[in-house]
Amino acid sequence: MKVLFVLDSPYSWESGIWFHRNHLPSIGLQSRGHGVKFMSMGGTTPRELLEYPDTVIFGRTYHPGSNPLELMREWKNMGKRVLYDIDDDFWSVNPDNPSSLVSNAYKDQYEDFIRECDAVITPSEVLAAKVQKLVKGKKVFICPNAIYYDFYQERRRAHDQ
């Protein structure tokens, strides 16, 4: 299988969520023999990237000017499987949290993606149950945030120092 992760920005790799929701899963997929590529939104998508994947994974939010929904539909029309990875409960952000402005501004985009995609990926059973109510019969897969223990060193104990 060939998987394409559609990133929201060329700087996605700077965030921890990219590491746990995109990078580490890509390592797992590649170790099982799957092809994996990444692309960021913006500009024209090269034909080779349109044709490459069997499965396309969108995640989080995208600048509206990059036309993410149109691109999602284009892949679906080509017979590609399109998944949406939603890792936060955007509908329950506390109004005192500065992120509530982003959540509210992009709420329609989240819901459009959920309606358009073939299936949704989420890291928790609680969020999966909430999303399941919105997807109307589509599959919701639970994929916990990935941990790759080879990237971490064992913590030294006080008596080892």
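The values are calculated or read from the model by the stated rules, or taken from the named source; none is laboratory data. What you see is a predicted model, and the numbers here were worked out from it, not measured in a lab. Cβ coordinates were reconstructed from backbone atoms using ideal geometry, including for glycine residues, and neighbour counts include every protein chain displayed. These area figures cover heavy atoms from the full protein model, side chains too; ligands, DNA and RNA do not enter into them. Shrake-Rupley method; radii C 1.70, N 1.55, O 1.52, S 1.80 Å.
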- Query: Can you give the extra length, in nm with one decimal, that the chain gains between ASN104 and TYR11 once fully stretched, where that is 0.36 nm per residue apart less the Cα-Cα distance?
  - Reply: 31.2 nm
- Task: In whole angstrom, note down how far apart the Cα centers of the range 87-130 and the range 34-51 are.
- Result: 24 Å
- Just the Cα atoms of the range 16-89, one point each, no solvent: what log10 I(q)/I(0) does Debye give at q = 0.24 Å⁻¹? -1.35
- Neighbourhood charge, 13 Å Cβ-Cβ cut-off, centred on ALA119 and excluding it, Lys, Arg +1 and Asp, Glu -1: +4
- Task: Treating only the Cβ atoms of Lys and Arg (+1) and Asp and Glu (-1) as charged, compute the dipole magnitude of the range 1-138 about its Cα centre; round to the nearest 20 debye.
- Result: 460 debye
- Note on the structure: So, with points 7 Å from each Cα along the Cβ direction, the TYR152-ALA129 label distance in nm works out to 2.7 nm
- Could you pull out every residue, at least 5 positions away or on a different chain, whose amide H is within less than 5 Å of the one on SER40? Hs are placed 1.01 Å off N in the peptide plane, and Pro or chain starts have none. LEU7
- Message: Could you compute the net charge surrounding ASP87? Neighbours are other residues with a C-beta less than 13 Å from the C-beta of ASP87; K and R count +1, D and E count -1.
- Response: -1
- Item | Rg and Dmax [Cα atoms of the range 83-129; Å; Rg one decimal, Dmax integer] | 11.1, 34
- Note on the structure: Taking Cα pairs closer than 8 Å and at least 6 residues apart, the relative contact order of the range 51-99 in percent is 45 percent
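Ignoring ligands, DNA and RNA, what percent of the accessible area of the range 47-116 is carbon or sulfur (1.4 Å)? The partial results should precede the final answer.
On the way: 1660 of 3700 Å².
Answer for the range 47-116: carbon and sulfur cover 45 percent of the accessible area.
Of the beta bridges DSSP finds with both residues in the range 1-118, what % are antiparallel, to the nearest 5?
Details: 0 of 15 bridges.
Antiparallel bridges: around 0 percent, rounded to the nearest 5.
Per residue, what accessible area does the range 1-160 have, given a 1.4 Å probe and all protein chains present, in Å²?
Per-residue value: 61 Å².
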- For SER40 and ARG115, extending 7 Å from Cα along the Cα-Cβ vector and measuring point to point gives, in nm, a value of 3.0 nm
- Query: log10 I(q)/I(0), Debye, Cα-only the range 1-146, no solvent, q = 0.09, 0.21 Å⁻¹?
  - Reply: -0.26, -1.58
